[in-house]
Each structure stands twice: as structure tokens, then as C-alpha cells.
1. Across segment 45-89, which residue is nearest to TYR161 (Cα to Cα) among those that are among the aromatic types (Phe, Trp, Tyr), assigned to a loop (DSSP other than H, G, I, E, B) and within 24 Å of the chain's Cα centre (by Cα)?
2. Find the helices (runs of 4 or more DSSP H) located wholly in segment 420-530 whose residues include 3 or more that are farther than 30 Å from ALA364 by Cα, and list them.
3. Scan segment 310-349 residue by residue and report those that are out of contact with any Phe, Trp or Tyr (no Cβ under 6 Å at 6 or more places or on another chain), assigned to a strand (DSSP E or B) and either of a type in the set (Ser, Thr, Tyr) or surrounded by fewer than 24 Cβ atoms within 10 Å (Cβ to Cβ) (or both).
4. So GLN210 passes all but one of these: (1) buried (at least 24 other Cβ atoms within 10 Å of the Cβ); (2) among the polar types (S, T, N, Q); (3) under 27 Å from GLY441 (Cα atoms). Which condition number does it fail?
5. Quick check: is even one residue across segment 174-187 crowded, with 24+ Cβ neighbours inside 10 Å and farther than 18 Å from SER222 by Cβ?
6. Go through segment 106-132 residue by residue and tally those that are among the acidic types (Asp, Glu) and on the phi > 0 side of the Ramachandran plot.
7. Among (1) of a type in the set (S, T, N, Q); (2) crowded, with 20+ Cβ neighbours inside 10 Å; (3) closer than 17 Å to ALA256 by Cα, there is one condition THR305 misses while meeting the rest; what is its number?
8. Out of curiosity, is TYR438 at pLDDT 95 or above, aromatic (Phe, Trp, Tyr) and over 20 Å from SER217 (Cβ atoms)?
Amino acid sequence: MQKQHLFAIAVTTAVVLALIRTTTGQSNGTIARIDTGLIEGVAADGVLSFKGVPYAAPPLGRFRWRRPQFATPWQGVRQASAFGAECLQKPMPGDPAASARAFDEDCLFLNVWRPAADSGEALPVLVWIHGGGFLTGGSSAPVFDGSVLARQGLVVVSMNYRLGRLGFFMHPALTSTGEAEPGNYGFLDQLAALQWVRRNIEAFGGDHRQVTIAGESAGGISVMHFLTWSPARSLFARAVVMSGGGRTYLIANTGATTFASAERAGLAFARSVGIMGTDASTLAALRALPAARISSDLGIEALTTKPDTYAGGPILDGTVVITMPGHVLQRHAAANVPILIGTTSDDLPVLFPPKTNPLSFFGANAPAAKAVYFTDHADMTTAINKIAVDMTMHEPARFVARQMTAAGQPAWLYRFGYVAESLRPKTAGAAQATELPYLFGTLNARYGRTATPNDRKMADTFMGYVAAFARTGDPNRSGLPPWPRYDTGNSKLMMFTTDGDATVQADPWKARLDMIEYAVESRTSTTTFP
């Protein structure tokens, strides 16, 4: 039944797409016709923007914990000059990727930027999926403004998707009452946004055949999900993964939450709010709860201190999340698309070795690991953190580049180590997400007047590579240092250095990552569904 349901949705999408192509066209000035009606955007600084566009119906009431429904058409012209509400969350104070806008359960909006000048040719499209551990974040943060990227000759799309317990939730009442595809609503939202792009992007001058999906952190994990999940593969032609792991969904050391444990978390949450049972009345009571009561206690700290009332993120439901991305990659069964993938030098640790005896993770290689990680009198905490970052981010990114290359797909691997000059010398390495204002060319939003000419040069370089990749499937372009494809025969990658250079060199951390690779692959689980 689940496969039939997915097939029916695919057929419906194809029919709608055929109809829309006969009735919509490229945007005319600030007004565009999409499948739900006319929208009016704003022209400024050579860019047309359309913000707060609903790509699905509000996920409220009976639509809470259901796959997104088609948005209701409207009459007249809908204003698209302001962002819609972000999905409900407990934002982290001081997060530059967080938004100051309102948070609401009615949040399934996306935004579009395109060059104001009409070249007469369909433009490549970059679809951005924000990060935040599937708990926080949104598309309206100033650092994600798509104007500068659009001026690179792209149509840029960003989206919101359900987070926390509203985005990833399982309860026996959902399955006992026959709800289809329960669990991974955040992923289903992202899929619906990509389907919206397929149906509507021509109205903004975009080419639905040249869609690049890109994301960072949870957004990067999401890109890995779509890269290895067959229902999404026809919706994009290129992929950019930034700090998104690659082997697993990075849910603790298990990779993803099992169906049974997600149901236990759902039951625990229901009990915590005084709701018992597993029947239709239980589900009705859960859907009647105020949205703030469902997710307001979950901040980004739940990534590492996951309460027993939260599934933790992606759930192995057997339909939307079927197996780990790494298993699909090892079978050479991922999407046949080029990929650009990388990490920051001081990235985020999520997966950890045993904290009481971290070297036991390496087995017989423990002595060699000690020599590599416990250098310069490194203390236990520093060494564990370094191992954890390698486990979580650096080695999985290399793994993805290797597997895609082995499958015959071009891959480009990088490590971003540039630190804004205003943060030096206090900050030595590039923390997770610090590359984002360089990608979007939004240094003013992040650093204001402290942004230096060298900072802006790095933004031009990093954005230039990613924009070229989105346009052609290859990051190389005139005026930038050559960036060769990843080669499994050597350890080279593109390094964006603190000196402001972009240089291809042998990975100085190769010995570390080799030991992580051996330790991980000797333990790899085969948790999957037939």
C-alpha cells in the first residue's frame, strides 16, 4: 500500500506538471503565475524576490503529522514581499542563521530570487535546505538572503520544513488509525518543496532540468537523504553537501531512530502531557494540543542530550527512511549526479567514541590512534572532540566522495578553514556554518563593518565555485584556481585556508581519517528494510 501511495502521488504530480506547463510562463515583471495563482514580488538591486510563498497547505489540525497537502489556490494577486513564519522551534540565542521572525505551526513557505534582467534563457536553479539539527533554523535569516547568489545567474529557492516533534514524530495511534507514511514529515515537506519547484520554477525563468539541491548540517543530511532515496531523484541534477555527514543520519551513534524507539518516544511525550491510549481519540487529542506545547522545550541542545520524549530526528520508517545513506552509496545505487561535498575545519561533533576509553574505538589500531590524536600533550577532552569531528564529518565526507567517484559520478571534496579576520587570533578554526555568509555573499549580515577585503575575496571565491557548480555541474570557472575532481588514488582536496587561498593539496589529516574509516567499516551495521 505504501508503494502504491507513493506511485499515486508521483502520477498526480506528473499530471499537475503537464497542466501547469500549458497555463503558466515566465514571470512578467514582479508578477508570476504559479499553480495556485498570481503572486507579486519585489524588484531591488537587479534582483526579483518572491517571499513567503506557500508550497503546501498549512499543516494544522487534521493535517498535523500528515504528509503535506497541496496549497489552496487563491483569487487575485497574493503579495510575496515578506517572509512567512518560520516553523515552530526554540531558537538558539545568538545563532546567525536564526531568524527574528515569528514562529508558527503554519510555516510551509518558500522564497525565490532571480535576476531582474531577462536573458531569454532558462536559468539553473539552486534549492537551499537550511540546517539546525532538525530542531531550529529557517529560510528568512539574513545570512540566507539569495540576492547575491541570484546575481550569479541563478534562480535561488529556500524553504522552511517542519522541525522537532512536529517534523519527526511517531506514535502507535498514527499507525493503528491507518495514517500513511507516519514519522518523517520534515523530509516529506522538503520533497513537496522540490515538487513545487518542478511544477513552478519556469514561472520564474528557471530550468527544472537544472536543479541543484544544497544544504548545510541538517540540510546537508537532507541532501544525502534525497541523493539515496529513489522517489526524489528525478527532482534534481546536482547536489551540494556541507557538513552533512554521509554515512548515516547522525542520530546519536545509531545513525537513525528505529521505528520502535520512535514510538516509545511518542508514547512518552503523550504521557508527559496527560494523553494515554493508542486509538483514534488519542490521535485527536494529540492533534488538539497547542503547537507550542509540542515543541517549545526542544532546543539545539537536544542533539546531544536527547530527551526520551523526542525521536531525535529521522526515523527508520521503512518508506521514507529505509536504510543508511552509506549503504546505498556502497551499492553504487545513489542518484547519478555530480556532487560537491565538504566540511569546516573545526566542524561539529555529534558521534563520539567511548568517553571512558576513546582509543578502544580503534581496536588494534589504538596505539597508532594515540600517536595521531594525543599529540602535543592534548588533553582527553580535546582528543575525544577531534576524534568525534572526524567520525561525524570529515571521514564521512571523504567516504561520499570516494563512493560517488567509484560509481562513476564526478565529485569535488573540500575543507573550509577560513576564519573572518575580525575573529582572529581568538578563533583558530572555522566552526560549523561559518562558511554560510561566504556562500551567500552576506558578510554584512554576519560581520557588518568588520568584514574586510580579504573576507570579501574569500566570499567571491567560495561562492564562485558553488555558483559555477550549480550552473554547469562543475565548480571550475575562469578566474579561480583549478579544482580537479576527487581521485580515489590520492588524498587531495580543495582547502580554503586561513590565508585566504583556495589550494588543492594532500589532506594533512589523511592518517586520522584512514583509521576512522577502518574502525567504522569494521563496525558498520546493516539496519535496513527489505
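The values are calculated or read from the model by the stated rules, or taken from the named source; none is laboratory data. Everything numeric here is computed off the predicted structure, so don't read it as measured data. Reconstructed Cβ throughout: ideal geometry from the backbone, glycine too, with neighbour counts over all protein chains shown.
1. Here the answer is TYR55.
2. 436-440, 443-447, 453-472
3. Once the filter is applied, which keeps residues that are out of contact with any Phe, Trp or Tyr (no Cβ under 6 Å at 6 or more places or on another chain), assigned to a strand (DSSP E or B) and either of a type in the set (Ser, Thr, Tyr) or surrounded by fewer than 24 Cβ atoms within 10 Å (Cβ to Cβ) (or both), segment 310-349 yields THR323, THR343, ASP346.
4. (1)
5. Within segment 174-187, one or more residues are crowded, with 24+ Cβ neighbours inside 10 Å and farther than 18 Å from SER222 by Cβ.
6. Counting residues in segment 106-132 that are among the acidic types (Asp, Glu) and on the phi > 0 side of the Ramachandran plot gives 0.
7. Here THR305 meets the rest and fails (2).
8. No: the conditions fail for TYR438.
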